[in-house]
Amino acid sequence: MGVRGEYADILRVIGHLLDEHDADQVEIIQYEKFMTVSWRQPGGTADQRAYNDIDVKLLRDKARRLRGAGPVGGEKAELLRTLGQELDTQGIEANGIVEEGDGFRVSGVADRRYVNLHFTFFDLRSLSAAHRAERPRDGTAELVAAASPASSGRAGPADLKPVSVLIERLFKSVRL
């Protein structure tokens, strides 16, 4: 699905595409040589896109150009961006992301172990609001990055905590 540590960028751009199509029942699956994004449009019409490594690099480049441009896309873009931030933080290499009724189910690998996690839309919206509130406007990005487990290179199964624990840990580290 791209390079671990860059899911936030890739999933934000994919979310933007999905918002443009008013997509529902989203599935993002990583295969050995490519990734597919499948969804249903209003009226039940199925659609799909496939991305190879070059396409994923182009998606990352597009996402980087969107940084600082303010909100881009709709809710899927923001939810998937936030989900990507969680995958990056927890060191998860996703094999599949499937939209379920109240969130996204992620299957993948973290620290050479299989993980299967559910991220509710409610929790992702809460995390998104927290991330927005944290976005530095005065050069404090380094403090926030230094406080995250991913920056230490120690993310693994022990870091696979409920979202509320991650939020609490982030707020404690930012207060330092």
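The values are calculated or read from the model by the stated rules, or taken from the named source; none is laboratory data. The shown structure was predicted, so the numbers you read here are calculated from the model rather than taken from an experiment. So basically every Cβ, Gly included, is an ideal-geometry build from the backbone, and we count neighbours across all protein chains shown.
Values computed for the structure shown
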{"read-out": "Residue in segment 22-35 that is closer than 22 Å to Glu78 by Cβ, among the hydroxyl-bearing types (Ser, Thr, Tyr) and modelled with pLDDT under 95 present", "value": "no"}
{"read-out": "Scan of segment 80-96 for residues that are among the aliphatic types (A, V, I, L, M) and either within 21 Å of Ala130 (Cβ to Cβ) or touching an Asp or Glu at 6+ places or on another chain (Cβ under 7 Å) (or both), ordered by number", "value": "Leu80, Leu83, Leu87, Ile92"}
{"read-out": "Index of the failed condition, Glu86 passing every other in (1) part of a helix (DSSP H, G or I); (2) within 21 Å of Asp22 (Cα to Cα)", "value": "(2)"}
{"read-out": "Residue list for segment 38-63, restricted to those being surrounded by fewer than 14 Cβ atoms within 10 Å (Cβ to Cβ), hydrophobic (A, V, I, L, M, F, W, C) and either closer than 18 Å to Leu80 by Cα or touching a His at 6+ places or on another chain (Cβ under 7 Å) (or both)", "value": "Ala50, Leu58"}
{"read-out": "Candidates Arg81, Arg105 - the one that is surrounded by 12 or more Cβ atoms within 10 Å (Cβ to Cβ), at pLDDT below 95 and within 13 Å of the chain's Cα centre (by Cα)", "value": "Arg81"}
{"read-out": "Unmet criterion (only one of (1) on the phi > 0 side of the Ramachandran plot; (2) at pLDDT 80 or above) for Gly70", "value": "(2)"}
{"read-out": "Count of residues meeting criterion [touching a residue at least 12 places away in the same chain (Cβ under 8 Å) and either within 24 Å of Tyr31 (Cα to Cα) or touching a strand residue (DSSP E or B) at 6+ places or on another chain (Cβ under 6 Å) (or both)] in segment 90-136", "value": "28"}
{"read-out": "Restricting segment 10-37 to residues that are among the acidic types (Asp, Glu) and surrounded by 13 or more Cβ atoms within 10 Å (Cβ to Cβ), the residue that is nearest to Lys62 (Cα to Cα)", "value": "Asp19"}
{"read-out": "Residue that is modelled with the highest pLDDT [pool: residues in segment 36-47 that are more than 22 Å from Ala94 (Cα to Cα) and not β-branched (Val, Ile, Thr)]", "value": "Ala46"}
{"read-out": "Tally of residues being among the hydrophobic types (A, V, I, L, M, F, W, C), free of Cβ contacts under 8 Å to residues at least 60 places away in the same chain and not in a strand (DSSP E or B) across segment 18-56", "value": "3"}
{"read-out": "Residues satisfying the stated conditions in segment 107-124, i.e. closer than 14 Å to Gln90 by Cα, out of contact with any helix residue (DSSP H, G or I) (no Cβ under 7 Å at 6 or more places or on another chain) and assigned to a strand (DSSP E or B)", "value": "Ser107, Gly108, Val109, Tyr114, Val115, Asn116, Leu117, His118"}
